[in-house]
Amino acid sequence: MTVSAPVSIGSLSLEAKVRLLTGEALFTLWPEPAIGLARIRLSDGPTGVRGLEFAGGTVSCLLPNANSLAQHWDPRVTREVGELLADEAKRLQVHVVLGPTINLHRTPLGGRLFEAFSEDPLLTGALATTYVQGLQDNGIGATPKHFLANESETERTTVDSVVSEKTLREVYLLPFEMVVEDARPWAVMASYNRVNGVPATEHTTLVEGVLKGEWGYDGLVMSDWFATTSTVESANGGLDLVMPGPDGPWGDALVKAVRAGDVAEATIDAHLRRLLLLAERVGALGERTWPEDLPAPDSAVRRGQLKRLAAGGMTVLANKNATLPLSEGTRIALIGRHATETIAQGGGSAGVRPPHVVSIADGLTTALGADRVHLVDGVEVRERPVAPLPDALRDQETGLRGIRAVTRDAEGTVLESRHLGIAETVTGDGGWTDDATSIELTAEVVLDAPAKLQIGLRGLGEWTFEVGEERVPVLQGGSGDDPGEGVLHPPAWTMERELAPGAAIRATLRRKIDRTVLGLVARPAPLAPAESISLAARAAAAADVAVVVVGLTQEQEAEGRDKTTLTLPGEQDALVAAVAAVAKRTVVVVNAATPVLMPWLPQVDAVLWAGFPGQEAGDAVAAALLGEIEPAGRLVTTFPARDGQGPAWSTTPVDGRLEYSEGSAVGYRGWTEKPLFWFGHGLGYTNWAYGSGEVRARDGVVETVSVELANTGERHGREVVQVYLRPSEPEEPVRLIGWAPVSLGAGERARVDVPCDARAQRVWLDGGWRFLRGGTVLIARGLGDVRVTLDTD
């Protein structure tokens, strides 16, 4: 497909052209006044538009994580999300959002699954399509990522994903194909990994052959950050933009390659035309006018919207004897560290700085009253500390929550002194700390009475830590050579001390390493597990209902690392079992984005899967538990009953190769035994009866499935009618081909038409597509609850 440049590039020298093809900085592209090109600003954004700073930047809306949003099973929801993110991008004057993430949940160990929608390619593609439309219909570029076969984090910059062409076509390419065909994204991001031996950033077959060739994609292909490792191969392989900048493998090396005849200047022009087309689309050819009247992240309209999005996607996994929803007169023992330190988002580049995070403790206390909620801290859930809660520290100079950061040069002269609203900042992103030789972080602990605290620091480099008169040298080590080392998983050092109100702590970074998060640590010192569990059991026995909040943290749900087990960290399983043994009723709220094992499931009365609910987490959980908003979510990944169960498990390459040996039988398609919970499972708060069904097909391809549906419960409810095809060919796995969300009042019934997508009914054979013809249609509430079975004939 020929792409015409919106402006003439003939006046630019080769050096000027090449300069534009590498980023200006971490999140900006070069301006070029000679052709009217303004600076283009990019931002990470799968669940919130962070802006140009990696840490400590502008306050932004924090949405529920991607699979929590996907649990609505509703493309209208992801369109609304795209529109919200477009507003946020405009508010922050960002042209391009780096999302959505449309890799798949191949194995539940994947550390970055919280950013991705589901294990199913059709569901993922449909949700990504409207997400992109919501952004781009409002003038903000979207960037579906990561192209391609980037489903795990172990050895992520070097791993070779070994995938058959059939599997690539039917599974991993399908979401990208759908979003390119139906939404025409303005940018696509190439991943870190290799695909069948070739780096994704120079994969001519996938980028030039499939994406730009077969699919006629006219947008920009950019690299993931620091992913590009070659000059000639990547330039000739279809990559259009290397990120970040200003350094990289192109620049002077690419100019020399063109002059040597290794890269044609026509290739450079083609890359530049795509860049300028992106600029035209986002309003960067000339100066764009940005609106000034958009809702703030903490405005009533945003808070209500985000609460609804979070609560509606939560999933009722178990609910014996209609334990949920709870009545407002219930006396609750609220137990668990996640109740007070509720996890709102995963770790890594998807993170944003929200205006607040409403804890589950605050949400339930607000909803029920302090006299009906007895709060008990649970067991420790982390191995390494993170930034403290916003109210834990105070800037001694201003009295405001947060810390004071002071930068100095080699002579010790103060370069700048800043108040930071959160207890961390970052070096190496082109920001205000980059010229410093040393950096000092200070704060006063906020206490009502003396208490034993865990205090310390985070970040690469050589530090000195002081509390009162005590001074401790800290050698953190680390080279900073790996760009993800200090940013995604900065090392931490802590100690425990009894401190009085107003005690001051100070951390001084004596040897600065670029690209690291720097921060202070201050949190209550944890109790021994046995003591915590004993206190929890005592409170549970005295309450009407024990609500135990357990989950994962950014230690498990984070970019840059995968999990090794689905077991809850710490002694959380023992905590739930002890509470369930004495409580009248036990409700478990799981504050995690990806599957966990539940050995206590037979002992408890109800389980609410809360995901990572975003900034309004606690209010959303309260709304779901009390029935203000029905938690009508349906699972988007299959939950194993034990470690190792399922068609794909390990994320660890062998000799650098990660074999996708399950082929197209990924996720629910490849399960041969009963999991803990099936893909598509979710109970909601009412009951549903399915009647007769009908299949309408053309030439053997299912186009529509209809079914009679009735809400037989006592509450208004939302159902997701799911349609699967079990092909007649025994070697072909079952697959989702359509679904329809339906809302009905108590006693209401309707005939539901479910459109089915032909793209999920194809198989790749001998270098081309063939449609499956014949098989069985399953109409279901998840694969564990099939209600109607029909022949396709």
TODO: Express the accessible area of segment 682-793 per residue in Å², computed with a 1.4 Å probe while the remaining protein chains stay in the model.
DONE: 43 Å²
- [ ] Please sort 458-465, 770-777 by packing, taking for each peptide the average over its residues of neighbouring beta carbons within 10 angstrom, highest first.
- [x] 458-465, 770-777
Task: Peptides ranked, highest mean first, by Cβ atoms within 10 Å: ranges 77-83, 671-677 - done: 77-83, 671-677
Task: In segment 354-426, the GluC sites (Glu not before Pro) that fall in loop regions by DSSP, at most 12 other Cβ within 10 Å - done: Glu383, Glu397, Glu411
Open item on the list: With +1 on the Cβ of every Lys and Arg and -1 on the Cβ of every Asp and Glu, and nothing else charged, how large is the dipole of the chain about its Cα centre, in debye rounded to the nearest 20?
Closed with: 1160 debye
Task: Per-residue [θ]222 nm for the chain (sum of -39500 (n - 2.57) over DSSP H runs n ≥ 4, rounded to 500) - done: -5500 deg cm²/dmol
Task: the chain: antiparallel DSSP beta bridges as a percent of all, rounded to 5 - done: 75 percent
Task: Theoretical FRET efficiency, 1/(1+(r/R0)^6), r = Cβ-Cβ of Arg538 and Ala296, R0 56 Å, to 0.05 - done: 0.85
- [ ] Sticking with the crude label model, points 7 Å out along Cα→Cβ, report the distance from Thr464 to Asp785 in nm, one decimal please.
- [x] 6.3 nm
Task: Difference of contour (0.36 nm per residue) and Cα-Cα distance, Ser692 to Ala504 - done: 60.6 nm
TODO: Leaving ligands, DNA and RNA out of it, report the carbon-plus-sulfur percent of the accessible area of segment 686-741 at a 1.4 Å probe.
DONE: 42 percent
- [ ] Just read off the accessible area of Glu444 with the full protein assembly in place, 1.4 Å probe, to the nearest 10 Å².
- [x] 40 Å²
Task: In order through segment 399-404: 3J(HN,Hα) via Karplus (6.51 cos²θ - 1.76 cosθ + 1.60), integer Hz, x for Gly, Pro - done: x, 7, 4, x, 9, 10
Task: Positive-end extreme of charge dipole, the chain - chosen from Ile9, Gln603, Ile360 (charges on Cβ) - done: Gln603
Open item on the list: What's the ranking of 283-294, 316-327, 201-212 by average number of surrounding C-beta atoms within 10 Å, highest first?
Closed with: 201-212, 316-327, 283-294
TODO: Determine the order of Glu630, Glu328, Glu694 by accessible area, beginning with the largest, at a probe radius of 1.4 Å.
DONE: Glu328, Glu694, Glu630
- [ ] Might you tell me the accessible area per residue for segment 499-607, computed with a 1.4 Å probe and given in Å²?
- [x] 32 Å²
Task: segment 212-259 - charge dipole about Cα centre, Lys and Arg +1 at Cβ, Asp and Glu -1, debye rounded to 20 - done: 180 debye
- [ ] Could you size up the charge dipole of segment 547-610 around its Cα centre, putting +1 on the beta carbon of Lys and Arg and -1 on that of Asp and Glu, and report it in debye to the nearest 20?
- [x] 260 debye
Open item on the list: Students sometimes get this wrong: rank Asp766, Asp409 by accessible area, probe 1.4 Å, all chains present, largest first.
Closed with: Asp766, Asp409
Task: segment 1-77, accessible area per residue, ligands and nucleic acids excluded (1.4 Å, Å²) - done: 31 Å²
Open item on the list: List the residues, sorted by chain then number, that are 5 or more residues from Arg762 or on another chain and whose placed amide H is less than 5 Å from its amide H.
Closed with: Leu772
Task: Among the listed pairs Lys320/Lys674; Lys563/Lys674; Lys307/Lys452, those beyond 30 Å (Cα-Cα) - done: Lys307/Lys452
Task: Mean projected area in nm² (Cα convex hull; one quarter of hull surface) for segment 22-127 - done: 8.1 nm²
Task: Rounded to whole Hz, the Karplus (6.51, -1.76, 1.60) HN-Hα couplings of segment 530-536, x for glycine and proline - done: 4, 5, 4, 5, 4, 5, 5
Open item on the list: Placing +1 on the Cβ of each Lys and Arg and -1 on the Cβ of each Asp and Glu in the chain, which of Phe679, Thr267, Thr651 has its Cα farthest towards the positive end of the resulting dipole?
Closed with: Phe679
TODO: For segment 310-447, give the percent of accessible area contributed by carbon and sulfur heavy atoms, probe 1.4 Å, rounded to a whole number.
DONE: 46 percent
Open item on the list: Can you give me the long-range amide H partners of Tyr192? Hydrogens built in the peptide plane at 1.01 Å from N, cutoff under 5 Å, separation of 5 or more residues or another chain.
Closed with: none
- [ ] Give me the percent of DSSP beta bridges within segment 302-452 that run antiparallel, rounded to the nearest 5.
- [x] 80 percent
TODO: Using only protein heavy atoms and a 1.4 Å probe, report how much of Thr47 is accessible, in Å² to the nearest 10.
DONE: 10 Å²
- [ ] Run the accessible area of segment 29-161 with a 1.4 Å probe and give the carbon-and-sulfur part as a rounded percent.
- [x] 48 percent
TODO: Starting from the amide H of Glu703, placed 1.01 Å from N in the peptide plane, find each other amide H under 5 Å away whose residue is 5 or more places distant or on another chain.
DONE: Arg696, Ala697, Arg698
Task: For segment 321-336, Karplus couplings with θ = phi - 60° (6.51, -1.76, 1.60), whole Hz, Gly/Pro x - done: 6, 6, 4, 9, x, 7, 7, 5, x, 5, 8, 10, 9, 9, 10, x
- [ ] Check each of the GluC sites (Glu not before Pro) in segment 716-754 and keep only those in coil by DSSP with at most 11 other C-beta atoms within 10 angstrom; list them in order.
- [x] Glu731
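The values are calculated or read from the model by the stated rules, or taken from the named source; none is laboratory data. Here the structure is a predicted model, which is why all the values come from computation and not from measurement. When we count neighbours, we look across all protein chains shown, and the Cβ atoms used for this are built from the backbone with ideal geometry, even at glycine. The area values use the complete protein model at the heavy-atom level, side chains included, leaving out ligands, DNA and RNA. Shrake-Rupley method; radii C 1.70, N 1.55, O 1.52, S 1.80 Å.
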